[in-house]
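Report on the structure given below.
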Amino acid sequence: MKPDRTNLFVNGGLECQAAHYHIFSTEQRAELLKKAQLKREERLSQPLSSGAQMAANRLKKNMSSIGKEMAKNGVTCYRLYDADMPEYSAAIDVYEGKWISLQEYAAPASIDPEDAKRRLDELILATERVTGIDLDNIYVKRREIQKGANQYVKHGKPTESHFFIVNENGHRFSVNFQDYIDTGLFLDHRPVRKLIETMSNGKRFLNLFCYTASATVYAAAGGALSTVSVDSSTTYLDWAVKNMSINGFNTMNHFFYREDCLEFLRGNHDTYDLIFCDPPTFSNSKSRGTFDIQRDHEYLIRSCMKHLAFSGSMIFSTNYTRFRMNEDLGGDFIIEDITQSTIGEDFERNSKIHSCFIIRHRTKPAKQVFSVKTVRKITRKNNFPKEI
């Protein structure tokens, strides 16, 4: 509800706001709903422009192929469209057949802003027409390359009314389409989460950069002996606890830590049987400076392997499209590239959406994992502390 007017005042030193709302009667609400329905019917009766019709034809084709395949497999949250046509550069994700997350990829500077806006409007209209999902439930955001502190900026103040529950492989997750660039559930990792569930029975599970802990939900469902979820964001950890709770996992053997993951690895001495590590491509931290996935992944992986049981497995994933695994790691660990098996049918046309590896020990790890030479080489490139 939006207030008709607001008044600001100070109450004993506290800044307060009085908001005045108009409460509609049952008859008034019914009339408003009727007007909204008539407006929708009028909009849908209008012929689409040639561009919008072209986009609609592509979406119909995808609905017939991807949509049917997802329905056959019981998948209700999936990617319907991913910049299939260069002139309509956006990703369209369907959630439960009720909501659409449409993320426009920022147009290059060479594209006229008016043309870009027109094409976006055409794509939105085509999406409503083909999916049957009302315009009010199509949430549009622009996805740009985020750098520095900007990568974590919210779009608005989140409220409970902005959260919805969706289903995936028998599990429930809270998603938010309005307040953040990402919804809270990375759809491309659906097969990775399923893999984690199959590997978790009786295991001690560690989820680094856990985000909203969807992978932890799968591990708990798979029978994990215990789970540890680590993230530096209080917002995401609260979200993680909520996801675990709505799936019935709120017992004492599930732990959450708000901490920088690299600092957690340095200060923690526990051992885990299964580790999932899905770091950001780039991040900032006051305590350690910047983290760059290509530059620093060797340090991160070696730090993780120090905590991995000899017979355990580490699943390492990254969305950096130009990622290359450091060759030195292959000499010390068994590294299996499982990327192709973790790309769902709805992401096959973008096979570089992520890279995924299973990493295991070659030999039983000693207490000192890093040689002095390795530590010097790693720390020389950044400002990580030398203490391992």
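The values are calculated or read from the model by the stated rules, or taken from the named source; none is laboratory data. Model, not experiment: these values are computed from the prediction. Counting neighbours? That spans all protein chains shown, and the Cβs are built from the backbone with ideal geometry, glycine included. Just the protein is used for accessible areas: all its heavy atoms, side chains included, with ligands, DNA and RNA removed. Shrake-Rupley method; radii C 1.70, N 1.55, O 1.52, S 1.80 Å.
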Checklist outcome for this item: With criteria (1) farther than 27 Å from residue 340 by Cβ; (2) open to solvent by 60 Å² or more (accessible area, probe 1.4 Å); (3) at pLDDT 95 or above; (4) under 17 Å from the mean Cα position of the chain (by Cα), residue 167 comes up short on (1)
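Got a number for residues in the range 84-106 being among the aliphatic types (A, V, I, L, M) and over 24 Å from residue 179 (Cβ atoms)?
Taking the range 84-106 and keeping what is among the aliphatic types (A, V, I, L, M), we get 85, 90-92, 94, 100, 102, 106.
Still in the list and also over 24 Å from residue 179 (Cβ atoms): 85.
Residues meeting the conditions: 1.
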Checklist outcome for this item: Flagged pairs (Cβ under 7 angstrom, 6 or more apart or on separate chains; first in the range 127-145, more than 18 Å from residue 39 (Cα to Cα) and acidic (Asp, Glu); second modelled with pLDDT under 95 and open to solvent by less than 80 Å² (accessible area, probe 1.4 Å)) are 144/106
Next on the checklist: Under 7 Å between Cβ atoms, which residue pairs at least 6 apart in sequence (or on different chains) link something in the range 19-33 that is more than 18 Å from residue 2 (Cα to Cα) with a partner that is open to solvent by 80 Å² or more (accessible area, probe 1.4 Å)?
Outcome noted: none
Checklist entry - Among the numbered criteria (1) part of a strand (DSSP E or B); (2) farther than 19 Å from residue 192 by Cα, which single criterion is violated by residue 335? => result (2)
Checklist entry - Within the bounds of the range 294-315, is there any residue that is crowded, with 16+ Cβ neighbours inside 10 Å and farther than 30 Å from residue 201 by Cα? => result yes
Next on the checklist: Tell me yes or no: at least one residue of the range 274-286 is at pLDDT below 95, more than 17 Å from residue 205 (Cβ to Cβ) and open to solvent by less than 20 Å² (accessible area, probe 1.4 Å).
Outcome noted: yes
Checklist entry - For residue 1, which of the numbered conditions (1) open to solvent by less than 60 Å² (accessible area, probe 1.4 Å); (2) in contact (Cβ under 8 Å) with a residue 12 or more places away in the chain; (3) in contact with a Phe, Trp or Tyr (Cβ under 9 Å, 6 or more places away or on another chain); (4) hydrophobic (A, V, I, L, M, F, W, C) fails to hold? => result (1)
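Pick from the range 48-76 the residues that are more than 21 Å from residue 345 (Cα to Cα) and outside any helix (DSSP H, G or I): which of them is most open to solvent (accessible area, probe 1.4 Å)?
Here is the first cut: in the range 48-76, the ones more than 21 Å from residue 345 (Cα to Cα) are 48-54.
Now drop any that are not outside any helix (DSSP H, G or I), which leaves 48-49.
On the way: 48: 35, 49: 51 Å².
For the range 48-76, the residue satisfying everything is 49.
Restricting to the range 316-327, what's the tally of residues that are aromatic (Phe, Trp, Tyr) and open to solvent by less than 40 Å² (accessible area, probe 1.4 Å)?
Just the residues of the range 316-327 that are aromatic (Phe, Trp, Tyr), to begin with: 316, 320, 323.
In the following step, the residues that additionally are open to solvent by less than 40 Å² (accessible area, probe 1.4 Å) were identified as 316, 323.
Looking only at that region, the number is 2.
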